[in-house]
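The values are calculated or read from the model by the stated rules, or taken from the named source; none is laboratory data. All values reported here derive from a predicted model rather than from experimental measurement. Neighbour counts run over all protein chains shown; Cβ positions are idealised from the backbone, glycine included.
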Amino acid sequence: MNPKKILCIQLKQLGDVLMCTPAIRALKARWPEAELHFLTCPPADQLLKHNLAVDRVWLAPKDNNWREGWAIFKQLRAQKFDLVVDIYGRLATALLSRFTGAPVRVGRRKVFQSIFYTHPHHPQASYSAAERLALLEPLGIQGGDLALDFPIGPDDRTWALDCLDRLGWDRTRPLVTLSPVSRQLYKVWPAINFARAIQPILEETGAQLLLQWGLEEEKDCVENLRVELAKLGLEDLGDYPIPNLSQTVALFELADFHLGNDNGPMHFAIAAGCPSLAVFGRPLVENWMPPGSTKHRGLEFDPGCKRKCHYQQGCELECLGTEPAQVMEAFREIKAQHWKARRLETGRRRGL
């Protein structure tokens with residue numbers, strides 16, 4: 001097989017699309033002359049704007065707009081793809097894969113949808129990026145680098161430096177970012193815990209604190225944290241214009257360490273190479289953190305129900321039971337191995 005046009009499909013969450021980038025890289029390495037197209041939902045298209053492996057990004061219709069959807073689907077069929085890789089793996093995208101008319105179609109082996117693929121497959125891997133990469137095994141692609149790709153442009157880096165300069169940061173001091181937000185309650189560690197966890201980190205490193213959020217509706221969570229920080233005599237650098245996704249990555253490129261919930265910013269920090277530590281609730285660390293990494297780590301507490309969790313309203317969220325002292329212990333382990341090199345790296349980016 002020597003495909004001239006390839007379509008990958010992954011809708012919905014930002015983290016899910018970012019986890020596809022090792023698979024994208026592997027496909028392009030296997031067939032460098034092929035056009036690689038990617039179907040996703042906004043704002044995930046921002047993740048692929050500067051990705052040189054992706055030749056075109058298609059946007060799926062919003063809010064079940066069937067008229068718009070039919071127009072896009074007809075355009076996709078007209079592309080005459082040779083290969084479709086349905087990473088998303090839902091019945092609707094399985095149908096779309098078949099509708100494209102591509103002679104080779106790869107997707108997950110599931111009841112009701114395997115019949116729409118020529119190569120249904122059940123990848124065996126825990127880490128989400130590795131599982132998506134393993135989906136390509138029927139194509140003869142075995143393993144590969146699991147680094148996450150989120151390339152950004154020079155304008156994004158200029159914006160980040162200007163943004164922090166306006167906040168009055170000291171370029172010579174360490175910068176720690178903290179993202180206490182998530183739209184899912186089962187991922188939100190209490191604000192008081194974040195405040196108690198970050199206090200010894202700031203005291204030990206002399207770092208400045210930048211709070212990170214991406215939606216206006218997340219601001220309440222940030223303000224709750226500021227109340228707890230103030231009780232401990234701590235403050236952050238303050239508010240700044242909400243950045244787009246590439247600008248967020250540019251901020252992480254300037255940071256020496258990131259702490260937060262299991263959320264989108266956690267993935268962006270990993271892609272930016274910023275040493276990071278995430279506190280997990282219901283999701284499993286093994287599914288969302290790079291396996292064996294000493295630079296990017298997750299902390300989780302299992303009250304005995306995580307692997308059989310069917311989250312329902314009224315759950316007491318015992319899985320968010322990680323203690324602040326555990327954060328400091330894990331931070332010191334990360335610091336011992338990565339702090340010095342990271343300080344040199346961020347120093348160069350700050351023009352020091």
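Inspect the stretch 205-220 for any residue being at negative phi, in contact with a Cys (Cβ under 8 Å, 6 or more places away or on another chain) and part of a loop (DSSP other than H, G, I, E, B) and give the result as yes or no. Yes, some residue in the stretch 205-220 is at negative phi, in contact with a Cys (Cβ under 8 Å, 6 or more places away or on another chain) and part of a loop (DSSP other than H, G, I, E, B).
Taken as a whole, the condition of being part of a helix (DSSP H, G or I), closer than 22 Å to PRO283 by Cα and touching a helix residue (DSSP H, G or I) at 6+ places or on another chain (Cβ under 6 Å) does not apply to ALA160. Report, by residue number, each residue of the stretch 1-35 that is modelled with pLDDT of 95 or more and basic (Lys, Arg). Of everything in the stretch 1-35, those that are modelled with pLDDT of 95 or more and basic (Lys, Arg) turn out to be LYS4, LYS5, ARG25, LYS28, ARG30. Take the conditions (1) in contact (Cβ under 8 Å) with a residue 40 or more places away in the chain; (2) part of a helix (DSSP H, G or I); HIS258 misses just one of them, which is (2).
A residue that is at pLDDT 90 or above, crowded, with 18+ Cβ neighbours inside 10 Å, within 27 Å of ALA147 (Cβ to Cβ) and aliphatic (A, V, I, L, M) occurs somewhere in the stretch 110-130. Here GLU318, GLU286 are screened, and the one residue that is more than 20 Å from ALA191 (Cα to Cα), among the acidic types (Asp, Glu), touching a residue at least 12 places away in the same chain (Cβ under 8 Å) and surrounded by fewer than 17 Cβ atoms within 10 Å (Cβ to Cβ) is GLU286. Within the stretch 199-208, the only residue that satisfies the criterion of being out of contact with any Leu (no Cβ under 6 Å at 6 or more places or on another chain) and buried (at least 21 other Cβ atoms within 10 Å of the Cβ) is ILE201.
It is to be established whether one or more residues within the stretch 100-116 are of a type in the set (Phe, Trp, Tyr), part of a loop (DSSP other than H, G, I, E, B) and within 24 Å of MET19 (Cα to Cα). No, the stretch 100-116 has no match at all.
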